[in-house]
Amino acid sequence: MPGPSRRRLRRTSLIALVAALALTAAACGGSLDEEGGGEEGSGSVKVGLALPASGVYEPLGVDMTRGFELYLEEQQGKLGGKEVEVVKADEGEAPDTGVPAVQKLVTQDKVDALVGIVNSATALGVKDTVSQSKVPLIVANAGADEVADGGDYVWRTSFTNGGVGEALGGAVAEELGNESVYLMAADYAAGRESVAGFKKSFEAAGGKIAGESFTPFGTTTDWQPFLSKAQNSGAKAVYVFYAGGEAVNFVKQYKSFGLGEEIQLYGAGFLTEGGVLAAQGKAAEGVRTSLHYSDQLDTPENKEFVDAYTKAYDAPPTVYAVQAYDAAAALDLALKDADGTSGEAIAKALGGIGEIESPRGTWSFDEDHNPDQPYFLREVQAVDGGFANAVLNELS
Amino acid sequence: MDWLDANLLSILNGLALAALLFLIAVGLSLVFGTMDVLNLAHGAVSLTGAYIGVALLDPDAGAGQFVVAILAAAAVGLAFGGALALLTGGVRDHLRQALLTLGIAMIAGDILRQLFGADVQSVPTPNGLAGSVDVLGKSYPVYRLVVIGLSIVIGVVLYVVLERTQVGALVRATVADRGMVETLGVRSNVVLAGVFAVGAALASVGGLLAGPVLGAQPGLDNTILLLALVVVVVGGLGSIRGAVLGAVLVGEVQTLGVALFPAYASFLLFGAMALVLLLKPGGLLPARYGAATGGHA
Amino acid sequence: MSTGVVAEAAGGGNKRAQIVGRVLVAVVLVLLALLPFVAASYPISIAGRMLSFALLVVSVDLLTGFTGLPTLAQIAYFGIGAYTAGLVGIHWTTNLFAQLGIGIVVAAVVALFTGAVAVRTSGIVFLMVTLAIGELTHQLADSLPQLGASNGLAGIPPGTVYPGAEPLLLAGYTYWWALLVFLLGVAVAVVVARSPLGRSMRAVRESPTRLAAVGQRTYVVKLAAFVIAGGIAGAAGTAWAVQTRFVSPGDLAFSVSAIALLSVVVGGAGTLWGPVLGASIVILIRDWLSQYVAGHGELMLGILFVVAVYLMPRGIAGTILRGKRRSDEPSARERAETAA
């Protein structure tokens, strides 16, 4: 088909393509009407899971999905007596994928409640969206201090960066006595907040700080200059915040540069949690961390949880799994009391659920909607042919 | 000498990082300089080498096992490089090369993620090399010193092969005047594919050797690619000496630079690169021959 | 749009093709304008983001396709526009025109200073210098507390179009604003492309020596193109901030910059509508399709790129126009003549 008719064919196909795109993108109604909440009065509830299915945080997403689904399974697929439909969206690595994922769940899938969010920047980015659309968000990981501040639609079952650090300060101060500590963290919000929290309780308990360093986030491959600074400062302990790949490299280098013996390494629990510990192996032995959970917790509730989880997924649970498990538990309690299944009703009910019985212990939401929970001092020890975070004691 | 004493470890670390970067980047530089091909899949090749380390080495691996892993990485690299040479053969335009090789890198990245998962993986240091030695009063990991040594040896071998052997002469001739070489009965695309393959093999081995230091995880290929690009552009496209100088510069900026100016750490690398490029757009030691210079010596 | 230019070149005033081209453009515009009436919130919000990204890609094409300067720096000016609009919205006024204007000016000024240095180089070196610009701006956004550092700039209030108006909350309204900014940006690009400056830009791409021989300074032409492209990218950024009401350093990442450049190649460098189409397809695959192939978004994109190189050597636009002489691209004879 030579000449003009071929051109016309191509141009027509172009028009058809654009038109088809426009129509396939169409769903009932238009985007100029007010967005309502979910359906009222039905016996089922729609829950959106916004978790990473790609990118660096994918392992966390996997753990959290497992924790949530395990609770659901234990309740025969019902929360608060109502059938649950789960809709998943990929939060990805950063807000540019996370925020649209949440928007999709809220505006297109019209979920009644949202659970998830690993990345703090994403959590901050969707705060306005969830309050505007009146859909409660139960943050199951993101730790930035200001994510939850008492607003009606944001609740958190995980932790605050500052809180995890603050829990450890007093214990380290007691352990060190007159000696000092060196602080180190990745230079982004989580690192800074964690160190700030630690500093607060550490100095309040009379501790001395020998110095601090913030390392470029995501691009540091060599911690030796900073480790040298720590050594030269005369500190007898180091407190750090690192997670993911940085945690693996940091701990391995800490060991290989020979600091392990004389200078005790302390950190926020993420330093040795989950897949990170598996990659660190022996290098992590003796590292002490604070966290609100360890799979080695010796309580009947936790033993039951660990057994069920290991049986279902052939791997030990991590703190991320517990956070999502508890999010499901919170929804369960809320839906029992809620006046219907709309987002507004669920949000209101979340305010009154009281205590949650969790594998980590008993806890409840505080006035900022963050967990008011116990923290544990853990130490990496050789356990059953591998390594695990043994619990030394509860941190007051 | 106080300053040296305080920063000796950083300087050594810079050299260790430079050694790894050289191995990884020299292939990229040669391929671009001699064949004018922009290969953005280079980082993926390197990451593949690292994952080979994850697959073949168990935590108690000895030096023997490590050598086997190196050979395996080299073999896989050769194959990958040959395939890339074939795929990019007909594509002359830089932008389309970038599109093609980046597409290949993305596909490779997804395959690696399917095979090895998204978790951070560790490559163990071989048993005999896991200790530390005394360097001027400081304790320093043996493995890094070995990496520096190995890299120097490979660099020297590469230089000698290229400048002093018949094979090297053939490569240089092919680059300088393909037509003339063809009249001698040599298939120039085979020669150039060979360069591509060897470059990829080096990148793969470099990735494996970097494993105990950098680990292996999805996304690392982009980090490595970016660093390699900076090394190549700063050092000068197409020259081995340029790759050495570029690697040392980048290695030291990332370690010594960060130690001396921690507040500006994130800006040091690209700031330094921008500075070099503005003062010497061709890089510090550009090639004396090659496609980048118009194909004539 | 440039289809008109194309038609003109196709053997002197092929009126039929010209009219078809114009009708086509009009139909597409009407469809885009009517979209909020038929599509639901979520698809509309994706469409709006596609328009802003497409405008960014147009600015890349202005430099890459028209002036022969492949660039990775446009994301920096996009980000500057977005953060500026956000800061203006938070600290001063929600008026969208003000945010647009200030965003464009700030982006263009930064483009002027950075461009003055960058356009002294060319080819791969220029590409790496623009990479440095992009990455340094990215790092800056990640570290400055005034910009929210790594957490990003949240809490941007919804925009208003005139003082005292209702803020634009619904997806359909912000989409229309994004469409307006997109059309304005493309209009500027078209005007520039058809102007004497545009001809000089194409001359820089084809044969800088010849241009210098007729007395024009290639440096000035390149810098002018750089600043205009920077302003357009800044405009795109302000529209982005209005829609998502959240700007984060991730929006300036190298990966976005690379994808913008590659969208130009996929779409067909040197036309303006090709890259727009390329950008739309890339975003569709990355954001919309990836939701349905859980986590394999990169794989899809990778396959698209490889296929594009082999099956569409001149990009989508080039394939559609194959067989047609384009005024942007000289024939073999012209090329031989200009080989300097």
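Return the residues of segment A:199-245 that are touching a residue at least 60 places away in the same chain (Cβ under 8 Å), within 23 Å of the chain's Cα centre (by Cα) and either at the interface with another protein chain (Cβ under 9 Å from one of its Cβ atoms) or surrounded by fewer than 21 Cβ atoms within 10 Å (Cβ to Cβ) (or both); say none if nothing qualifies. Don't jump to the end; show me each part of the working.
Step one: list which residues in segment A:199-245 are touching a residue at least 60 places away in the same chain (Cβ under 8 Å), which gives A:236-237, A:239, A:241, A:244-245.
Subset that is within 23 Å of the chain's Cα centre (by Cα): A:239, A:241, A:244-245.
Across segment A:199-245, the qualifying residues are A:Gly244, A:Gly245.
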Subset of segment A:123-138 [in contact (Cβ under 8 Å) with a residue 60 or more places away in the chain and within 14 Å of the chain's Cα centre (by Cα)]: A:Ile138
For segment B:34-56, indicate whether the set of residues that are away from every other protein chain (no Cβ under 11 Å), more than 30 Å from B:His94 (Cα to Cα) and assigned to a loop (DSSP other than H, G, I, E, B) is non-empty. no
So which residues in segment B:118-150 are surrounded by 16 or more Cβ atoms within 10 Å (Cβ to Cβ) and more than 20 Å from B:Ala69 (Cα to Cα), if there are any at all? B:Ala118, B:Asp119, B:Ser132, B:Lys138, B:Tyr140, B:Pro141
Which ones in segment C:140-184 are within 24 Å of the chain's Cα centre (by Cα), farther than 30 Å from C:Phe37 by Cα and in contact (Cβ under 8 Å) with a residue 24 or more places away in the chain? C:Ala141, C:Asp142, C:Leu147, C:Gly152, C:Leu153
Using the structure shown, decide if C:Val276 is more than 8 Å from every other protein chain (Cβ to nearest Cβ) and hydrophobic (A, V, I, L, M, F, W, C). yes
List pairs: first residue in segment B:6-32 and away from chain A (no Cβ under 14 Å) and crowded, with 24+ Cβ neighbours inside 10 Å, second residue among the aliphatic types (A, V, I, L, M) and outside any helix (DSSP H, G or I) anywhere in the structure, Cβ distance under 7 angstrom, at least six positions apart or on different chains. B:Ser29/B:Leu237; B:Val31/B:Val37; B:Phe32/B:Leu38; B:Phe32/B:Leu237
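Per-residue answers, yes or no, for (1) in contact with a Lys or Arg (Cβ under 7 Å, 6 or more places away or on another chain); (2) more than 19 Å from B:Ile70 (Cα to Cα); (3) not in a helix (DSSP H, G or I):
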residue	(1), (2), (3)
B:Ile152	no, no, no
B:Tyr159	no, yes, no
B:Asn189	no, yes, no
B:Phe196	no, no, no
B:Val231	no, yes, no
B:Gly238	no, yes, yes
B:Val253	no, yes, no
Answer residue from segment C:287-306, given it is more than 8 Å from chain B (Cβ to nearest Cβ) and in a helix (DSSP H, G or I) and is surrounded by the most Cβ atoms within 10 Å (Cβ to Cβ) among those: C:Gly297
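Per-residue answers, yes or no, for (1) within 14 Å of chain B (Cβ to nearest Cβ); (2) free of Cβ contacts under 8 Å to residues at least 24 places away in the same chain; (3) closer than 17 Å to A:Arg66 by Cα:
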residue	(1), (2), (3)
A:Gly275	yes, no, yes
A:Lys282	yes, no, no
A:Glu285	yes, no, no
A:Ser294	no, no, yes
A:Asp307	no, yes, yes
A:Ala315	yes, yes, yes
A:Tyr320	yes, no, yes
Selection from segment C:193-223 of residues that are surrounded by 17 or more Cβ atoms within 10 Å (Cβ to Cβ), of a type outside the set (S, T, N, Q) and either within 15 Å of C:Phe126 (Cβ to Cβ) or at pLDDT 95 or above (or both): C:Met201, C:Val204, C:Arg205, C:Pro208, C:Val221, C:Lys222, C:Leu223
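Only one of these is within 14 Å of chain C (Cβ to nearest Cβ) and either part of a loop (DSSP other than H, G, I, E, B) or within 14 Å of A:Asp332 (Cα to Cα) (or both): A:Val111, A:Val102. Name it. Lay out the reasoning, then the answer.
Details: A:Val102 fails: either part of a loop (DSSP other than H, G, I, E, B) or within 14 Å of A:Asp332 (Cα to Cα) (or both).
Among A:Val111, A:Val102, only A:Val111 is within 14 Å of chain C (Cβ to nearest Cβ) and either part of a loop (DSSP other than H, G, I, E, B) or within 14 Å of A:Asp332 (Cα to Cα) (or both).
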Are any of the residues in segment B:69-88 touching a residue at least 40 places away in the same chain (Cβ under 8 Å), in contact with a Gly (Cβ under 8 Å, 6 or more places away or on another chain), buried (at least 21 other Cβ atoms within 10 Å of the Cβ) and within 30 Å of A:Gly61 (Cα to Cα)? no
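Name the single residue, out of those in segment A:114-147 being assigned to a loop (DSSP other than H, G, I, E, B) and out of contact with any Phe, Trp or Tyr (no Cβ under 9 Å at 6 or more places or on another chain), that is farthest from the other protein chains (Cβ to nearest Cβ).
A:Ile117
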Looking at C:Ala269 and the list (1) crowded, with 21+ Cβ neighbours inside 10 Å; (2) out of contact with any Asp or Glu (no Cβ under 7 Å at 6 or more places or on another chain); (3) part of a loop (DSSP other than H, G, I, E, B), which single condition is not satisfied? (2)
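Look at segment A:180-228 and say how many of its residues are in a helix (DSSP H, G or I) and acidic (Asp, Glu).
Number of matching residues: 2.
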Looking at C:Leu69, C:Leu55, C:Leu63 in this structure, which one is part of a loop (DSSP other than H, G, I, E, B), away from chain A (no Cβ under 14 Å) and surrounded by 24 or more Cβ atoms within 10 Å (Cβ to Cβ)? C:Leu69
Here are the criteria: (1) over 30 Å from C:Val307 (Cβ atoms); (2) within 14 Å of chain A (Cβ to nearest Cβ); (3) surrounded by fewer than 24 Cβ atoms within 10 Å (Cβ to Cβ). Tell me which single one C:Val247 does not satisfy. (3)
Has segment A:256-265 got any residue that is closer than 28 Å to B:Phe270 by Cβ and either surrounded by 24 or more Cβ atoms within 10 Å (Cβ to Cβ) or of a type in the set (A, V, I, L, M) (or both)? no
By residue number, the members of segment A:174-198 that are of a type in the set (A, V, I, L, M, F, W, C) and surrounded by fewer than 21 Cβ atoms within 10 Å (Cβ to Cβ) are A:Leu176, A:Ala196
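Within segment B:213-225, identify whether any single residue is within 16 Å of B:Ser29 (Cα to Cα) and either surrounded by fewer than 17 Cβ atoms within 10 Å (Cβ to Cβ) or at pLDDT 85 or above (or both), and answer yes or no.
Here is the first cut: in segment B:213-225, the ones within 16 Å of B:Ser29 (Cα to Cα) are B:224-225.
Those still in the list that are either surrounded by fewer than 17 Cβ atoms within 10 Å (Cβ to Cβ) or at pLDDT 85 or above (or both) too: B:224-225.
So far as segment B:213-225 goes, yes, one or more of its residues are within 16 Å of B:Ser29 (Cα to Cα) and either surrounded by fewer than 17 Cβ atoms within 10 Å (Cβ to Cβ) or at pLDDT 85 or above (or both).
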Pairs, first touching a residue at least 12 places away in the same chain (Cβ under 8 Å) and in a helix (DSSP H, G or I) in segment C:89-100, second of a type in the set (A, V, I, L, M) and buried (at least 18 other Cβ atoms within 10 Å of the Cβ), C-beta under 7 Å, six or more apart: C:Gly89/C:Ile156; C:Ile90/C:Ile156; C:Leu96/C:Val242; C:Gln99/C:Ala85; C:Gln99/C:Val88; C:Leu100/C:Val181; C:Leu100/C:Ala235
Could you tell me whether segment A:64-71 includes any residue that is over 20 Å from C:Gly250 (Cβ atoms), touching a Phe, Trp or Tyr at 6+ places or on another chain (Cβ under 6 Å), of a type outside the set (S, T, N, Q) and crowded, with 24+ Cβ neighbours inside 10 Å? yes
Residue that is nearest to the other protein chains (Cβ to nearest Cβ) [pool: residues in segment A:246-273 that are more than 25 Å from A:Asp384 (Cβ to Cβ) and part of a loop (DSSP other than H, G, I, E, B)]: A:Gly258
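The values are calculated or read from the model by the stated rules, or taken from the named source; none is laboratory data. It should be emphasised that the depicted structure is a prediction, and the values quoted were computed from it without experimental measurement. Here Cβ is always computed from backbone atoms with ideal geometry, including for glycine, and neighbour counts include all displayed protein chains.
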